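This report concerns only the one structure given below.
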Amino acid sequence: MTEQDIDMQRIPRHVAIIMDGNGRWATGRGLPRTAGHQAGVETVKRITEEAARLGLDYLTLYAFSTENWRRPDDEVSALMALVLSSLQDDLFMRNNIRFRTIGDIDKLPEAVRKRLRQCESETAANDRMTLVVALSYSSRWEMTEAARRIAREVAEGKLAPDSISEDTITAHLNTAFMPDPELLIRTGGELRLSNYLLWQCAYTELYFTPVYWPDFSVDDFHRAIASYQGRQRRFGKTEEQAARDNRP
Ligand code: IPE
Ligand code: IPE
Ligand code: MG
């Protein structure tokens, strides 16, 4: 799979990735699970740079879920330390990438929170691509928060219940600043969404690969994009209607 196999005119605007398989990558090599997370950081850098080079507008990476807080304390601490150390890199400034987070950031340790905020403000004017990292994130948490905010606006008389539309929900989610992903990739072989972007992925094309995240290469990324480009998105219409809609 080379770049010639992907259509540079039809690069998705937003790709979301569930970065899974770090633990199994490491244990398969007789290493501690945290070595897999460490190796996974290199993949994050590789795929982020390639996504920017290909011209994506948004790349959204699932790094730590609400449910991941249930992991052993030492693995959680190692992951937090890794988030902190990986944000020391000048990847964003070098590549003109804006950095954002989604999720329940208040739950993260103070030092991590501080560094995340710093990174967001330092890169706020970068405009080649936005890298969004989901931390302490889950879709149900995000939707519950949105429901609370909407209810508050109704209670304060700022919003009429009958005026609530799908757009109102979308606008109250953490992801309100970006379009829905056209493509979702999950590495590591599991065939599930694990509470990631459930509202946003209503019509997203799904791509699952058995490749563990630390092994996920630029070629694998191209293969996922080529698979997406080979599909017809019908949005409920017939094949014929969809073909007509997509004619330039
Ligand atoms: C994904 O890899 C990273 C996080 C969830 C933080 P895993 O740690 O889930 O790796 P596996 O699924 O156990 O192999
Ligand atoms: C999903 O991976 C979360 C992230 C990649 C951050 P998990 O490994 O936690 O997912 P499950 O629990 O196997 O579904
Ligand atoms: Mg996993």
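Some values worked out for this structure:
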| item | result |
| --- | --- |
| Convex hull volume per residue in cubic angstrom - Cα atoms of the chain | 153 |
| The stretch 1-49, Cα convex hull volume normalised per residue, Å³ | 96 |
| Convex hull (Cα only) mean projected area of the stretch 1-142, reported in nm² to one decimal | 9.5 |
| Debye intensity ratio I(q)/I(0), log10, the stretch 118-199, q values 0.19, 0.21 Å⁻¹ (C-alpha model) | -1.01, -1.10 |
| Hits among lysines - C-alpha to C-alpha of Lys114 under 26 Å, sequence gap 8 or more where chains match | Lys45 |
| Accessible surface, the stretch 26-84, averaged per residue in Å² (probe 1.4 Å) | 46 |
| Alpha carbon convex hull of the stretch 63-106, volume per residue in cubic angstrom | 80 |
| Extension gain (nm, one decimal) between Met8 and Leu191, 0.36 nm per residue minus Cα-Cα | 63.1 nm |
| Linear extension gain, Ser165 paired with Arg70, 0.36 nm per residue minus alpha-carbon span | 30.7 nm |
| Pairwise label distance in nanometres, Lys237 with Glu156, each label 7 Å out on the Cα-Cβ vector | 4.0 |
| Spin-label zone in the stretch 179-221 - amide nitrogen under 17 Å from a point set 7 Å from the Cα of Met143 along the C-beta vector | 180-181, 192-204 |
| Surface share of carbon and sulfur [accessible, 1.4 angstrom probe, percent] for the chain | 49 |
| Residue with peak Gaussian network fluctuation, the chain [Cα springs, cutoff 10 Å], from Ser165, Ser121, Ser85 | Ser165 |
| Inter-site label distance for Ile105 and Leu31 at 7 Å from Cα along Cβ, in nm | 3.0 |
| Tensor-based shape of the stretch 182-233 (alpha-carbon gyration tensor, a/c under 1.5 rounded, otherwise prolate or oblate) | oblate |
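The values are calculated or read from the model by the stated rules, or taken from the named source; none is laboratory data. The structure displayed is predicted, hence computed values, not measured ones. In this analysis, Cβ positions are derived from the backbone assuming ideal geometry, glycine residues included, and neighbour counts consider all displayed protein chains. To get the accessible areas, we keep the full protein, side chains included, count just its heavy atoms, and leave off ligands, DNA and RNA. Shrake-Rupley method; radii C 1.70, N 1.55, O 1.52, S 1.80 Å.
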